[in-house]
There are 4 protein chains.
Amino acid sequence: MAIILGDIQYGKAESRLVRIYRESRRHEIRDLNVTTALRGPFEQAYLVGDQSNVLPTDTQKNTAFAFAKSKGIETIERFGLDLARHFVHDIEPVEGARIEIEEYAWERAVVDGVEHDHTWLRKGQEVRTAAVTVDANGEYVIGGLKELVILKSTASEFFGFLTDEYTTLPETHDRVMATALDAKWRFTTTDVPWNEVYAGVKSIMVREFATLHSLALQQTLWHMGKAVLEEYPFIAEIRLKAPNKHHFDYDLGRFGIENNNEVFIAADRPYGLIEATITRDDAPDAGDAWRASAGLA
Amino acid sequence: MAIILGDIQYGKAESRLVRIYRESRRHEIRDLNVTTALRGPFEQAYLVGDQSNVLPTDTQKNTAFAFAKSKGIETIERFGLDLARHFVHDIEPVEGARIEIEEYAWERAVVDGVEHDHTWLRKGQEVRTAAVTVDANGEYVIGGLKELVILKSTASEFFGFLTDEYTTLPETHDRVMATALDAKWRFTTTDVPWNEVYAGVKSIMVREFATLHSLALQQTLWHMGKAVLEEYPFIAEIRLKAPNKHHFDYDLGRFGIENNNEVFIAADRPYGLIEATITRDDAPDAGDAWRASAGLA
Amino acid sequence: MAIILGDIQYGKAESRLVRIYRESRRHEIRDLNVTTALRGPFEQAYLVGDQSNVLPTDTQKNTAFAFAKSKGIETIERFGLDLARHFVHDIEPVEGARIEIEEYAWERAVVDGVEHDHTWLRKGQEVRTAAVTVDANGEYVIGGLKELVILKSTASEFFGFLTDEYTTLPETHDRVMATALDAKWRFTTTDVPWNEVYAGVKSIMVREFATLHSLALQQTLWHMGKAVLEEYPFIAEIRLKAPNKHHFDYDLGRFGIENNNEVFIAADRPYGLIEATITRDDAPDAGDAWRASAGLA
Amino acid sequence: MAIILGDIQYGKAESRLVRIYRESRRHEIRDLNVTTALRGPFEQAYLVGDQSNVLPTDTQKNTAFAFAKSKGIETIERFGLDLARHFVHDIEPVEGARIEIEEYAWERAVVDGVEHDHTWLRKGQEVRTAAVTVDANGEYVIGGLKELVILKSTASEFFGFLTDEYTTLPETHDRVMATALDAKWRFTTTDVPWNEVYAGVKSIMVREFATLHSLALQQTLWHMGKAVLEEYPFIAEIRLKAPNKHHFDYDLGRFGIENNNEVFIAADRPYGLIEATITRDDAPDAGDAWRASAGLA
């Protein structure tokens, strides 16, 4: 009945790395938030403070910035693989590496109708994400996006639900449906046209959200995920987390004003939270692909 | 040597109001954050708790939502004027009203290459703002934007500065310059094509930021503000607040890698903070146009 | 090779619930943030939009507020159990419930040296958390805290670490060590003096952080977790997540001023991130106790 | 009708400065967020990019960290004066300096009933603030606090208010009243026992909030401010900004449960916002004491 050390990992979180490509007059920009974590035989650091197997988190940070130049940042999925492979293959005691990256999109400033060579505005829409795991079991890439705020002003209903003594919600046949979507999809290969697929996944999810006449946010999520898997055979599963950002009809009848789904108050909290995994029934084992942390929420 | 009540105001802050126009199949959306504040003879509420002159903040909120339907939301400047005039002209004891509005932009979802009728993605870029004051002195409108994140990757220098014993900063002749711009501009009339001017002001500021070969963020701000005033005779002054979002060259020379302004670490804090008012020398009196609050930061 | 629905759950997140006990002149306050999620045969809601098995998230919210009165809020662990059991036992199709609660602490205002009966100041320190899961496999309670910001100004070293070509970090034998601790501990029973154990766990972790002469944050975490498990036989495991909030010596030597670990700049990002699970080797199976969501970070 | 430069200032914002005193075994900690801004003849930097009068913001930061050692941090008011005087008196072209400081409080960790010598927990309650201005007109110190979250569960009413066609709010004779107070008070001298007065002002405001049977948040603010001025003759005015953090009775009657002001839902937005300045009728001129910025909200 001993007390023992279970899962461990350590790394450097949230290095804000910006890369400018300036080979031509028309510069390019990549704006990342990079987190690295290592797994392996680091028990002695925990048990007795012996760091001889511990590559400092400061070194991990240095490596990310060095690779931004020496390897370049073609895509965050590729950059994550470069970093993860390096830590696992080149650093003796390291057995596994987890690289999580966020990418912030920029658009070129437009001056007199022309895109500018070296000035950009931050787009501010969804954040693109990648989570790469490399260990003895293989290489795993999870693509993703977060906080894609999307809203439809009609073609959404909610009725026929289960009721009990605490149910007061009226049924509705026309409502605003809005969410800030988080999605993560797992690839079964690392030979992927990453940018093209990212754009495709986003586009498909937007299409399904827009065009499905929705009877529930649950149904919308299923259609979004299914359509992504139908399009890309090398995506094994997709996980969706969607807050139901409530837009409540404001009661204007009290003032003799008709409100036909036109004026809403947008609530902050609480919000519905709908989650789903859509997967292939023959999806290969995920290994540690989804292990983001020591299990904390 | 009495203790007395000085400036007072009260209101309802941050009503999240969403308006859908659904007269045609092609819906329109307006997404606002509305703050109202009233000024006038409310001293008895403070001194003895007598509310007989106090229109509840809840009523102010109701009014905003009612007006969203009955008056509509053509522009936030116009909507602010509608609300401010109502409080001052229709509610007996009210002497002044201050309406502050933020607007969040949405873009239509694109499905199969076509803009969708009733689905949007939140743009997430800069927030458009308006601050309307109506009182015995007149009507004042301040347009604005906040958190326009803009970056240029070259054509920015910083040298020849004052030095003292605590100065360690090296001069630079090529650096990244980035900011998250807050700007507010005061109109001298309420007869303005608000949307057109908003787009114009933003466009001019982006152009100046991009095209000026900058010797300091201060210089860039001056050119941005001056160009706006040159274009619009009915704008009396513009106030700019620009954090200098530092992007530091990452020292890769330690690893034998050359870094020619290509790899940067983006810092959170501290940041430079540059402020300027650009004005006409014959600008009419601002009255209480800039009085946002009781003087708190 | 079909596309199928995997893990699902849905609920109402972040209901901000405040309960006042006013049976005597000396009121009591409980301030919670309550999230509920249900698991079970809700596939038809996803696949075809059929809600007949779906208890609305609005009803879940109503239930939490109703129970705040009818059951009371003795502790968040107990309140979570009350809610979870109700959903699983009383609502026909529900098979599992997950209740996550945050609690914000308040302290009584002191007036003329005496604690006030009905006025409090929010403490603002760490947030107490509970995550309760009830399903066919049993009842699971995870206690926790988050964002306990703790710092020691000496008795912390970091040396003897692994180095590679990207390592530039100097060794140190005296540094500031600071973190914002997240901790979660899993109970093996529901018969626990919850408040007493919460205070005990926090106190033990603070003690170990303070008194261990630390050779690494990893070592400190191990000692914190081990001491908790040694004290409480009914805690099976504890998971710790600790950002290393870097405090860098400010180089004052450039100004001829000696800085002997006295003046620091506190960095926001990046930060080290150290994680560990400390467990008993005979810990009972955790079931779905750690399943917070559909696998998103 | 020329376009000219109006108010300008520039500086370094939010330097996170931590100072440890370690002269004895019992260390002391001061944890600050320091912003400096300079005013003076910097027009050429704006107009033509000439920096010869511009002390870099980086130098301002260095100075703050150097002074943390050479001058020490007795109180933030004193530290702000040291910095402001230095910039104005020692740096030739500088005419005015504005120093804004936030201080975060820590409490000693308690180990086995004893306060620890070098370990602290961050308190997390209100933030103490100071804003110091030194210029040709004199020296101005504004003390303050922000985000003091305080709540009373009874002894608060709201009735007898003005009504119009949009008024639906019912009167109440017993409600929860809660706010997150921002307060700033202006001193008429720099010869003040700063820590003692800070504690006193906070204590007086808490006392008034608790003990006044309140007919409106407005009335509570007046009593808080008046009591502070009555106690401290060297405080000329105090400015208060108080969001009315609404706690709405949750309607449990729908479930046959009585809710006698016991169960509330705490709303995020919108919130009431009540502001007041309480002043002496013979308060000396404030100069630029309240000029925080170029007029942006």
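Label C:E165 and A:A136 with points 7 Å out from Cα along Cα→Cβ: what is the distance between them in nm?
Reported label-point gap for C:E165 and A:A136 is 2.8 nm.
Counting other beta carbons within 10 Å of each residue's own, what order do A:E208, C:E77 fall into, fewest first?
Fewest to most other Cβ atoms nearby, the residues stand as A:E208, C:E77.
Tell me the Rg and the Dmax, in Å, that the Cα atoms of region C:1-136 produce.
Cα only, region C:1-136: 18.4, 74 Å (Rg, Dmax).
Around B:E237, under 12 Å between beta carbons, what's the net of Lys plus Arg minus Asp minus Glu among the other residues?
+1
Based on the Kirkwood radius over alpha-carbon pairs, what is the Stokes-Einstein translational diffusion coefficient of region B:137-215 at 4 °C with 1.567 mPa s viscosity, in µm²/s?
My calculation gives 84 µm²/s for D.
Tell me the relative contact order for region C:1-136 as a rounded percent, counting alpha carbon contacts under 8 Å between residues six or more apart.
25 percent
Convex hull over the Cα atoms of chain B, averaged projected area in nm²?
Mean projected area of the Cα convex hull: 23.2 nm².
Helix-derived [θ] at 222 nm for the protein assembly as shown: sum -39500 (n - 2.57) over DSSP H runs of at least 4, divide by residue count, nearest 500?
-7000 deg cm²/dmol
Averaged over A:16-26, how many beta carbons belonging to a partner chain fall within 10 Å of each residue's beta carbon?
Average neighbour count from other chains, rounded to a whole number: 5.
Can you pull the mean other chain C-beta count within 10 Å for peptide C:128-141?
Taking all residues of C:128-141 together, the mean is 0.
Given 0.36 nm per residue, what is the gain on full extension from D:V114 to D:R254 after removing their alpha carbon distance, in nm?
45.2 nm
Counting only other chains, and only Cβ atoms inside 10 Å, what mean value do you get across the residues of B:276-287?
Mean partner-chain Cβ count within 10 Å for B:276-287: 4.
If you rank C:H247, C:H89 by fewest surrounding Cβ atoms within 10 Å, what's the result?
Starting with the residue having the fewest Cβ neighbours, the order is C:H89, C:H247.
Please report the relative contact order for chain A, taking Cα pairs under 8 Å with a sequence separation of at least 6, and give it as a percent rounded to a whole number.
Rounded, it is 13 percent for chain A.
Would you work out the relative contact order for region D:146-284, in percent, from Cα pairs under 8 angstrom that are 6 or more residues apart?
This gives 26 percent for region D:146-284.
Per 0.36 nm of contour for each residue apart, how much would the distance between A:E147 and A:D7 grow if the chain were fully extended, relative to their Cα-Cα spacing?
47.5 nm
Please report Rg (one decimal) and Dmax (integer) in Å for the Cα set of region A:64-181.
22.4, 64
Grab the Cα-Cα distance for B:E107 and B:S24, subtract it from 0.36 nm times how many residues apart they are, and report the gain in nm with one decimal.
Working it through step by step, the gained length comes to 28.1 nm.
Just to be sure I understand the model, the point goes 7 Å from the Cα along the line to the Cβ. What's the resulting A:D282 to A:A155 distance in nm?
3.4 nm
Can you work out the FRET efficiency for the pair B:D90 and B:T189, with r the C-beta to C-beta distance and R0 = 22 Å, to the nearest 0.05?
The computed FRET efficiency comes out at 0.40.
Lysine pairs in chain C with Cα distance under 16 Å, only those 8 or more apart or on different chains: how many are there?
16
Placing +1 on the Cβ of each Lys and Arg and -1 on the Cβ of each Asp and Glu in region A:41-171, which of A:A64, A:V94, A:G143 has its Cα farthest towards the positive end of the resulting dipole?
Towards the positive end, the residue furthest out is A:A64.
Would you mind ranking A:W290, C:W222 so that the residue whose beta carbon has the fewest other beta carbons within 10 Å leads the list?
Least crowded to most crowded, the residues run A:W290, C:W222.
For B:G200, what is the net charge nearby, where nearby means another residue's Cβ is under 12 Å from its Cβ and Lys, Arg count +1, Asp, Glu -1?
It works out to a net charge of -1.
When each pair of different Cα atoms in region C:155-267 is counted once in the 1/r mean, what is the Kirkwood radius in angstroms, to one decimal?
16.4 Å
For chain D, set up a Gaussian network in which alpha carbons nearer than 10 Å are linked by springs, and say which option among D:H223, D:H173, D:H86 fluctuates the most.
D:H173
Might you report the magnitude of the Cβ-based charge dipole of the protein assembly as shown about its Cα centre, with Lys and Arg at +1 and Asp and Glu at -1, to the nearest 20 debye?
0 debye
In whole angstrom, note down how far apart the Cα centers of region D:111-146 and region A:242-277 are.
42 Å
Over the Cα atoms, compute the radius of gyration (one decimal) and Dmax (the largest Cα-Cα distance, rounded to a whole number) for the protein assembly as shown, in Å.
29.8, 86
A short reminder: the numbers here are calculations on the coordinates, not readings from a lab. Just so we're clear, the structure is a prediction, and the values are computed from it rather than from any experiment. When we count neighbours, we look across all protein chains shown, and the Cβ atoms used for this are built from the backbone with ideal geometry, even at glycine.
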